[in-house]
Structures are given as structure tokens and as C-alpha cells.
1. When you go through Val246, Val274 one by one, which is the residue that is touching a strand residue (DSSP E or B) at 6+ places or on another chain (Cβ under 6 Å) and farther than 29 Å from Val88 by Cα?
2. Considering only segment 28-44, I want to know if a residue exists there that is among the aliphatic types (A, V, I, L, M), under 17 Å from Phe82 (Cβ atoms) and open to solvent by less than 10 Å² (accessible area, probe 1.4 Å).
3. Touching a helix residue (DSSP H, G or I) at 6+ places or on another chain (Cβ under 7 Å), of a type outside the set (Phe, Trp, Tyr) and open to solvent by 20 Å² or more (accessible area, probe 1.4 Å): which single residue out of Ala254, Ala287, Ala210, Ala222 fits that description?
4. Which of the residues spanning segment 258-282 are open to solvent by 40 Å² or more (accessible area, probe 1.4 Å) and not charged (D, E, K, R)?
5. So, in segment 45-61, of the ones that are under 18 Å from Val212 (Cα atoms) and out of contact with any Leu (no Cβ under 8 Å at 6 or more places or on another chain), which residue ends up surrounded by the fewest Cβ atoms within 10 Å (Cβ to Cβ)?
6. Please identify the pairs in which a residue from segment 102-128 that is without any contact (Cβ under 8 Å) to a residue 12 or more places away in the chain has its Cβ atom under 8 Å from the Cβ atom of a residue that is outside any helix (DSSP H, G or I), counting only partners at least 6 apart or on another chain.
7. How many residues, within segment 206-246, are more than 27 Å from Gln3 (Cβ to Cβ), assigned to a loop (DSSP other than H, G, I, E, B) and touching a residue at least 12 places away in the same chain (Cβ under 8 Å)?
Amino acid sequence: MSQDARQWLERIRSLDLPPRVRIMNVCGGHERSITLAGLRSALPPSIELIPGPGCPVCVCPEEDIYQAIQLALHEDVTLVAFGDMLRVPVNVKKSEARSLVEAQAAGADVRPIASPTEAVSIARDHPDRAVVFFAAGFETTTAPVAAMLAEGVPENLSVLLSGRRTWPAVAMLLESESPGFDALIAPGHVSTVMGPEEWDFVVERHHMPAAVAGFTPESLLAATYSVLRQHISGEYFLDNCYPGVVRPGGNPTARRQMERVLDVVDANWRGVGVIPDSGFELTAELAAHNARRLFPSYQDAARRRAGQMPPGCDCARVVLGRIYPDECRLYGKACTPRNPVGPCMVSDEGACRIWWAGGVRQQRPRVA
């Protein structure tokens, strides 16, 4: 740990802390940094760091994943998707393909990609073949997809978009009877694109401390110190602890491109339900590149149930910060990274996968 990080820890330890204060970190990248740096064990025991709904793979609705699997299996297409999405399971009979990886094994042309430019390259290299880009992600990932569409794509490339906006999920938690946290560390990368102002509502409407953080222990500890001081003093404001990257207004070019090619819509979150104004969809002008309009729908009403997680899986409660990953009934037992049952054990931004990578292999004993 660097000297700067140690200094922030000392500042935190010198505070007159309450018996318990719960800080939610929204971003999966934050959770990975917190866990791998061992910040939970370094902080005073009265401080709880709670992972929140910051994993787009985890909340991608089952009906979208199922649609992608069926398109790959039954339509004459090449389906491309970001790597993590290939292993997310859906609830089907064991005789059917449960993931895009299993569809690939069954003969479907499924390919992992790391960026939208790869989708464009594949479409250009195969002009006589339909290419479907299954694009799931939050604003950080959706912005490059929007840029791709704004710049123009090959006629044979369509997008099955499952984009989500981060702040409405946090707003939903804060508007519930029991949010489950006392302060918020807001996501750095999302704020880089959309601007820190998106998180003003946490302070202004809900009178809660908030700080935007980067991904180093120093930035995360600075944000932790900030929200703790706010919590103790009762003077709340949105603090930017990632000023080298996060600027007022975010990235104007990215935001203009998103507004040009995307509409904001109500959207379903796996295990959570429909959150108003929390999703992105292609505008009507881009109907020729909207896979939902170009291909048959393989969705059915049963897959839109809010609680559509595998039996016994508590991923929805983990995503909402209601329980810690190792409190899931399946964690480290039926569900491991090698054989994931729920989506939180798949992605590098999923809290269960992160905790497993951090060395938590079984449920920890609880202190009464």
C-alpha cells in the first residue's frame, strides 16, 4: 500500500466514527479494487463497504440473453458479444443451451469481442452474412456502441442492445423503505462519460453523503474519508475524488452521440424488475440496424418475471446490496467461477466472482 493510501487510512482512523456506517460502492470496478487491495480489513470495523448494482452482466435480463442464444442457434447469423456475456446462464432444461458458450458448442457461430470496432470489422469481412452484436452494458460500454452507430455501420450489422443507466437503480434503492446504506461512492467511469452531476440527486433529494471515486486505493480511501466526514458533520455535498478524469458535464461528444442514436426507455433488470428510464434502445431512425426488429422474437412472457434468477440463487439480493456475496446459499458450493449458477459469479465486475478472486472461498462466520 502506498504512502498516500496509508495517510488516508490514518485520517479515517482519526475520525470520531459512529458504531456503524454503511457505504455503498456502485461500480464493479470499485468492488474489485476494494477487494483485491484488502481495504475492508484495513478499515475500522464499524465501516461496512457494500457492493451495489454495478455489474451490467449481472443485471442483463434473462430474456435478452435467451433471445441472443436463440438467434445464434436458429438464425443464419454470426453473433458477437463482449466476452463475459458468453458464460451467463439462463433457466432452461438441461438438454438445451444454457449460455452462448453452450450455443457455440452446439454449432452456432458465436464470437467474443472486446470492442465495437471488432463487430464492425467482422461485418465488413463477411458482407454476405448477417452479424448481430449483442451489446450489454452500462453507460461506459454503451457510449462506444453509440459512437459506432453514429459513425455508420455496415448494412449487414445489427445490434441487440441491452444497455442500462446506472443512476436509476440507485435512485430506486434510495426511494425504497430501507435503502441499506448511509453514504454512496459513485462510479468513476460512468461519471467520466455522463458527468458527476448525475449523482447530485443523492445529496439534494435524499440528503446523503456522496463522492465520485477512481480505482486506486488512494482515490477510494479519499472518497471514503469524504463521505465519512460528511456523515459525521451532517453537511452533505457531492465530492469529486477523481478530478483528473471526471470533469463537469462529462464527455460532451459521447453524450451527444448517445442522444443522437439512443432513446431512454423503461428497462427490466434481472432479478430486480422494471426500473423507469433505466435503459437504452436504438432510435426509430436506426430500425434497419435493430436486431429486435429484424429477426423473430424468441422471448416469452414467462421470462420477464422480476425474479428470474436460477433456483436458490441470491444474485438479485447481492446486486441490491441486501446481502454480501458469501451469504448467498450457493456461494462456494453449487456456484463457483468454473461452474457458475448465477450471473454474479461470471463477470469480473460481479461481486461474487470478485470475492472469490479475493480469496473468499466459503461463507465467513458472522459476528453477532
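1. Values: Val274 fails: farther than 29 Å from Val88 by Cα.
After applying the criteria, what remains is Val246.
2. Let us first name the residues in segment 28-44 that are among the aliphatic types (A, V, I, L, M), namely 34, 36-37, 39, 42-43.
Adding the requirement that they be under 17 Å from Phe82 (Cβ atoms) leaves none.
Checked segment 28-44: no residue is among the aliphatic types (A, V, I, L, M), under 17 Å from Phe82 (Cβ atoms) and open to solvent by less than 10 Å² (accessible area, probe 1.4 Å).
3. Values: Ala254 fails: open to solvent by 20 Å² or more (accessible area, probe 1.4 Å); Ala210 fails: open to solvent by 20 Å² or more (accessible area, probe 1.4 Å); Ala222 fails: open to solvent by 20 Å² or more (accessible area, probe 1.4 Å).
Sole residue among the options that is touching a helix residue (DSSP H, G or I) at 6+ places or on another chain (Cβ under 7 Å), of a type outside the set (Phe, Trp, Tyr) and open to solvent by 20 Å² or more (accessible area, probe 1.4 Å): Ala287.
4. Hits for segment 258-282 are Val264, Val265, Val274, Pro276.
5. Glu48
6. Ala105/Ala97
7. Qualifying residue count, segment 206-246: 5.
The values are calculated or read from the model by the stated rules, or taken from the named source; none is laboratory data. Only a predicted model underlies this, so the values are computations on that prediction, with no experimental measurement involved. Positions of Cβ are generated from backbone atoms using ideal geometry, with glycine treated the same way; all protein chains shown enter the neighbour counts. Only protein heavy atoms, including side chains, enter the accessible area calculation; ligands, DNA and RNA are left aside. Shrake-Rupley method; radii C 1.70, N 1.55, O 1.52, S 1.80 Å.
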